[in-house]
Amino acid sequence: MSSPDQRFVCHIGAHVTGAPQVQRYLREHTDDLERQGLHHLPRGLMSKLVGMGPKLVAEPDRLGREVRAALRRPGIDGLLVSHENLIGRPFTDAGGGLYPDARPTLEALRKMVEPYDCTLVLSVRPQADFLESYYLRMVNAGEWDTFDTWVGKLNLDDISWLPLHEHLVEVFGADVRVLDYAKVESDAVAQVREFFRLIRADLPPDLHVAPVRNLRHSQKGLRMALAANPYLRDPDERASLRAFLHRSFSDRDYPRAALLTGEQRAALDDRYGAEYQRLVAETAPKARP
């Protein structure tokens, strides 16, 4: 039997906002979490059951069975999942903010977790940083459009976080918390602490967190990737090139790739900065009594 006292805590992304750091901590501290009554479904399993969203819509009970089995375990009264692909891909043609195709997956997830006390965490970052980081992620995956060509296809007046947050609140209710990745990006311990603060779970005071090191393309590495990507069709070939460029031509050793201009960044901040600050401020959890 499920109980409304059982918790379902879901970190739903977004992309390039530190989800791998949270996922690594959950994966490496399973025993510590279970002593608090929290079980964790690993990202690899979530990928099999959810993918980019359509798998969950088509067969919601595959994940439902995993959730029910976990919460039947002795001593477990809460389940943690972190999977940035639950909201699909950003920048699709549907319009309506950054993740306009998220709704069917969110509705399927809501039906599945309805018996539980549900908390959602949405990680966000300012639009300028999100654009640059997501573009470099796409280059890693095989994209070969230049940044100017890629960003020129986007409607930069329609990349607000608000529609996604509003969908989450509408589907799940008020308990949707926002993690401001810009505040904690450079500190792995701060990232994990902020996530656990938002879900109101305890962490040891002497917390040790192994950082996930995400090297970015340097300007030189980016040029090489864009030149080579059209000739690479095999995922293993792309992975080999990515590893080589990050090892030898990352921003650790060379100037970082120049993408948005100062003028473009200022325009995005003028358009979205105030609403971003309201979003991350207004959705913080209230202090414990």
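Sequence gap of 8 or more, or different chains, plus Cα separation below 30 Å: how many lysine pairs satisfy both in the chain?
Values: Lys48/Lys111; Lys55/Lys111; Lys55/Lys153; Lys111/Lys286; Lys153/Lys183; Lys153/Lys220; Lys183/Lys220; Lys183/Lys286.
Value for the chain: 8.
Ordering Lys55, Lys153 from largest to smallest accessible area (1.4 angstrom probe), what's the sequence? Could the numbers behind the result be given before it?
Numbers: Lys55 100, Lys153 140 Å².
Of Lys55, Lys153, the descending order of accessible area is Lys153, Lys55.
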Using mean Cβ contacts within 10 Å as the protection proxy, how do 183-189, 69-75, 45-51 order, highest first?
-> 45-51, 183-189, 69-75
Tell me, how many Å apart are the Cα centres for region 205-223 and for region 55-104?
-> 26 Å
May I ask you to evaluate 6.51 cos²θ - 1.76 cosθ + 1.60, the Karplus curve with θ = phi - 60°, for each residue of region 117-131 and list the ³J(HN,Hα) values in order in whole Hz, giving x for glycine and proline?
-> 6, 9, 10, 10, 10, 10, 8, 9, 8, x, 4, 4, 5, 5, 4
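What does the charge count around Ile199 come to, taking other residues whose C-beta lies under 9 Å from its C-beta (Lys +1, Arg +1, Asp -1, Glu -1)? Please report the intermediate quantities before stating the final value.
Numbers: positive: Arg7, Arg177, Arg197, Arg200; negative: none.
Taking every Cβ under 9 Å from that of Ile199, the sum is +4.
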Cβ charges +1 (Lys, Arg) and -1 (Asp, Glu), total dipole of the chain, debye | 700 debye
Mean residue ellipticity (222 nm) of the chain, computed from DSSP H runs ≥ 4 via -39,500 (n - 2.57), nearest 500 = -14500 deg cm²/dmol
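Let me check I've understood the local charge: for Val124, count other residues with C-beta under 14 angstrom from its C-beta, Lys and Arg +1, Asp and Glu -1. What total comes out?
Here the count lands on -4.
Based on the Cβ-Cβ distance from Arg62 to Thr92, what FRET efficiency comes out when R0 is 25 Å, to the nearest 0.05?
On the way: r = 25 Å, r/R0 = 0.98.
Working from the Cβ atoms, E equals 0.55.
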Other-chain or far-sequence residues with amide H under 5 Å of Val121's (modelled H) | Cys10, His11, Ile12, Arg177
Putting +1 on Lys and Arg Cβ atoms and -1 on Asp and Glu Cβ atoms, find which of Pro255, Pro211, Leu162 reaches farthest to the positive end of the dipole of region 159-281.
-> Pro255
Want the number for Arg233 to Glu275: 0.36 nm per residue separation, take away the alpha-carbon distance, what's left?
-> 11.1 nm
Where does each of His11, His29 land when they are ordered by accessible area, with a 1.4 Å probe and the largest first?
-> His29, His11
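Rounded to the nearest percent, how much of the accessible area of the chain (1.4 Å probe, protein heavy atoms only) is carbon and sulfur?
50 percent
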For region 252-284 and region 1-54, write down the distance between their C-alpha centroids in whole Å.
-> 28 Å
Considering only the other residues whose Cβ falls under 14 Å of the Cβ of Lys183, what net charge follows from Lys and Arg at +1 and Asp and Glu at -1?
-> -1
Ordering 269-277, 216-224 by per-residue average of other C-beta atoms within 10 angstrom, highest first, gives 216-224, 269-277
0 to 90° range, to nearest 10: angle between helix 235-248 axis and the chain longest Cα axis = 70 degrees
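The values are calculated or read from the model by the stated rules, or taken from the named source; none is laboratory data. These figures come from a predicted structure and were not determined experimentally. Neighbour counts are summed over all protein chains in view; Cβ atoms, including those assigned to glycine, are modelled from backbone coordinates with ideal geometry. The area values use the complete protein model at the heavy-atom level, side chains included, leaving out ligands, DNA and RNA. Shrake-Rupley method; radii C 1.70, N 1.55, O 1.52, S 1.80 Å.
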